[in-house]
Amino acid sequence: MKSRGERISCLTVYDYSFAHILDQAGIEILLVGDSLGMVIQGHETTLPVSMCNVLYHTQCVSRGCNSALVIADMPFGSYQGSPQSAYENAARLVGEGGAHMVKIEGGVVMAETVTFLVDRGIPVCGHIGLTPQSVNQLGGFRVQGREESTAEELRRDARNLEEAGASLLILEATPAQLAKGITDSVSIPTVGIGAGPDTDGQVLVLYDVLGLFPRKSPSFSKDFLEGKGSVLEAVKAFVDDVRARRFPGPQHSF
Ligand code: KIV
């Protein structure tokens, strides 16, 4: 799709019924995100999410999905310790959970782990920019890469993850210009969230897209259910807007 210039749509999802609707809407990627810690479990961050939680939700989603790619988000503490422990946990998400790919947060520092998983048959999605599992180090949920030095670090992270064998790269909360530069410089697809209109695809949290989350949704998100008659119509509108490059607009970008 990247080489054909076609935009990729992705939403987070955590259960069978929503997975079925998203799949019907023609979405390309279903992400069982650790955002489930916030939107399903009501925590302030994603840090309390366990392997058991992600495994359970991945199993639910896999049962509802026929054609989309299912990515399971590796939770905090399940992959940072060593490549071997990352492999053991990732293998469970693929073998028992039915995921096609796993996602891990971090750049250069995770390159060895990415290669370890890929060499053993597990496709990996990288995730750089705002990495919510590092919220305590980042000092909050903040846009990343505004200064030239941090922008350069993110460019290096993207190159390293591609060289390490990552198949896909999520860019979260980065200036649009930086995300465009990274997207143009790597051959793997980038999927942005709060990263402007020029990434190869877009991902949002399902509960923001449906206006279900009771707390404040991020400014880069949009309620697609407003004015629609059903969840299926709302998700189709998201897919259509991503494909036609109508979403994200300037008001959703940094
Ligand atoms: O867990 C999640 O929902 C994510 C997306 C925000 C990319 O990682």
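The values are calculated or read from the model by the stated rules, or taken from the named source; none is laboratory data. Treat the numbers as computed from the prediction; the structure is a model and nothing was measured. Using ideal geometry, Cβ is built from the backbone for each residue, glycine included, and neighbour counts are taken over all protein chains shown.
Quick look at the numbers
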{"quantity": "Which listed residue, of Gln177, Gln202, is among the polar types (S, T, N, Q) and either buried (at least 24 other Cβ atoms within 10 Å of the Cβ) or within 12 Å of the chain's Cα centre (by Cα) (or both)", "calculated": "Gln202"}
{"quantity": "Among the candidates Val205, Val191, Val143, residue that is more than 12 Å from the ligand (Cβ to nearest atom) and either touching a residue at least 40 places away in the same chain (Cβ under 8 Å) or of a type in the set (Ser, Thr, Tyr) (or both)", "calculated": "Val143"}
{"quantity": "Test: residue in the stretch 108-115 that is closer than 21 Å to Val203 by Cα, within 16 Å of the ligand (Cβ to nearest atom), outside any strand (DSSP E or B) and of a type outside the set (Phe, Trp, Tyr)", "calculated": "no"}
{"quantity": "The stretch 151-208 - residue that is assigned to a strand (DSSP E or B) and of a type in the set (S, T, N, Q) and, of those, nearest to Asp34 (Cα to Cα)", "calculated": "Gln202"}
{"quantity": "From Gln24, Gln41, residue being within 16 Å of the ligand (Cβ to nearest atom), surrounded by fewer than 21 Cβ atoms within 10 Å (Cβ to Cβ) and at pLDDT 95 or above", "calculated": "Gln41"}
{"quantity": "Checking Gly227 against (1) assigned to a loop (DSSP other than H, G, I, E, B); (2) within 16 Å of the ligand (Cβ to nearest atom), the condition it does not meet", "calculated": "(2)"}
{"quantity": "Residues satisfying the stated conditions in the stretch 72-103, i.e. among the charged types (D, E, K, R) and either on the phi > 0 side of the Ramachandran plot or buried (at least 21 other Cβ atoms within 10 Å of the Cβ) (or both)", "calculated": "Asp73, Lys103"}
{"quantity": "Selected residue (only one of Val209, Val239, Val235 is more than 16 Å from Gly129 (Cα to Cα) and in contact with a Leu (Cβ under 6 Å, 6 or more places away or on another chain))", "calculated": "Val235"}
{"quantity": "Qualifying position, being among the small types (Gly, Ala, Ser) and within 30 Å of Gly42 (Cα to Cα), among Gly121, Gly97", "calculated": "Gly97"}
